[in-house]
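Note sheet for the following structure.
The values are calculated or read from the model by the stated rules, or taken from the named source; none is laboratory data. The shown structure was predicted, so the numbers you read here are calculated from the model rather than taken from an experiment. All Cβ positions, glycine included, derive from the backbone under ideal geometry; neighbour counts span all protein chains shown. Only protein heavy atoms, including side chains, enter the accessible area calculation; ligands, DNA and RNA are left aside. Shrake-Rupley method; radii C 1.70, N 1.55, O 1.52, S 1.80 Å.
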Amino acid sequence: MKSKVLILVQNEIKNDPRVYKTASTTSSLGHEVIVLCISEEGNEKEKIEDIEVVRIRRKKLSNKVKSKKKDMPMSDQTILKKEKIFRVNDLKFLIKFFITNVQLILKGRNYKSSIYYANDLDTLLAASILSKLNRGKLIYDSHELYNEQFINTSIFLKKALEIIERSLIRRSDAVITVNDSIAEILSNRYNIPLPTTLLNCPNYKEVVKRKRQEVSNHVKLVYVGKYIPGRGIEEIIQSMKYIENGILFLRGFGSLESTLIGMVKKEKLQDKVKFLEPVPMTEIVNSLADFDIGIVPYKPVSLNNKLATPNKIFEYMMAGLAISSSDMPELRNIVLSNNLGTVFDPESIESISNAINKLIQNNSELEKMRNNSKRSSKEVYNWEAQSKKLVHIFNDLLDGGNDAN
């Protein structure tokens, strides 16, 4: 039976692969899908395929203001300093948190639905209230440990967000998250049934590997993503001094870009480290076709980082790259259990260079791991396989349930 589904998110749907794929999958089941997002771009209302997008305008910030947000440059000493009990900005954050949820409620009340789908804690309050008012079902998709995602979050703010999440998560009819480690923490922290793990994999596509051209005598390493603190990019650059027969390509953007460019010049690594322009999210997998090894160098600067399964690891796999990643629980499990590559201590230049050299120095093993990546992606690590769990949740919630239109 066709039902109406309201999906809430506090960012632009076109920039959020998980939300877009969720909406597309829901629409493919025959449901009427409305995505209510807070965004600076696009028309107030827009039709994307069969998905109705409704935008609430967020005031556009200057580049100067943006640079002071959570990706602001900082040293490791700043990252690792002792937590503060309280910061003045905590109140500003919570005020904005509640104001944006009120905006979502006021706009969302015009779309009476059978299911309200909250993406992350910052939309769960609105989705919970709307579902209560309209007797709809509530799904909570936790993309991360929300109160653990910010560097140097105060004890007060962490606790406040945990209290909010504890109250709202128990009202949810289904809880989804991005990996098993976070699912276990949410279950134990809030005494709820184990959430469904829905890995954030891309839609499956066949990628044709290109022949090596101008750098045919070198193995091509690549990092794709933001240039922000905690990603371990500085250590990867430093490790290139000790990596033989390899060239590192960095494709991304962020507040550390000028710092990274300066580091490459200072260390005289211009021949071994190259910067590439970012590409749209829909083109990332294809853009990886002529690389050999994908790097995931995240550092455990927060619990959220430590347990991360970033999109890039699944994109690397789909493009048929071997992988060298930080030795952290979820990354280690994916890389080693599927024999995709090597892991390293992201704080150690020696460990990083040893792990990457191990791949570079054995061509037959490198080729085997690249094939393992492609096979694993085709069999398990793709959205078509993962989204079957989402379909099951929708069928369970709507089977015999109230159909609001």
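Here Lys84 meets the list (1) modelled with pLDDT under 95; (2) part of a helix (DSSP H, G or I); (3) basic (Lys, Arg) almost entirely, failing just condition (2). The number of residues in the range 235-247 that are under 16 Å from Thr259 (Cα atoms) and either touching a Leu at 6+ places or on another chain (Cβ under 7 Å) or among the small types (Gly, Ala, Ser) (or both) comes to 2.
Criterion first (crowded, with 18+ Cβ neighbours inside 10 Å and out of contact with any helix residue (DSSP H, G or I) (no Cβ under 8 Å at 6 or more places or on another chain)) does Ser142 satisfy it?
no
Is it the case that some residue within the range 177-193 is surrounded by 17 or more Cβ atoms within 10 Å (Cβ to Cβ) and small (Gly, Ala, Ser)? The answer is yes, given that some residue of the range 177-193 is surrounded by 17 or more Cβ atoms within 10 Å (Cβ to Cβ) and small (Gly, Ala, Ser). Number of residues in the range 239-282 that are open to solvent by less than 40 Å² (accessible area, probe 1.4 Å), over 14 Å from Val222 (Cα atoms) and either part of a helix (DSSP H, G or I) or among the basic types (Lys, Arg) (or both): the value is 4. Of all residues in the range 319-344, which are in contact with a Leu (Cβ under 8 Å, 6 or more places away or on another chain) and assigned to a helix (DSSP H, G or I)? Scanning the range 319-344 gives Pro329, Glu330, Ile334. Anything in the range 366-402 that is under 27 Å from Thr26 (Cα atoms) and either touching a His at 6+ places or on another chain (Cβ under 9 Å) or of a type in the set (S, T, N, Q) (or both)? List them, or say none. Result: Ser376, Ser377, Asn382, Gln386, Ser387, Phe394, Asn395, Leu398, Asn402.
Does Glu148 satisfy the condition of being modelled with pLDDT under 95 and buried (at least 18 other Cβ atoms within 10 Å of the Cβ)? Considered against the rule, which asks whether it is modelled with pLDDT under 95 and buried (at least 18 other Cβ atoms within 10 Å of the Cβ), Glu148 comes out as yes.
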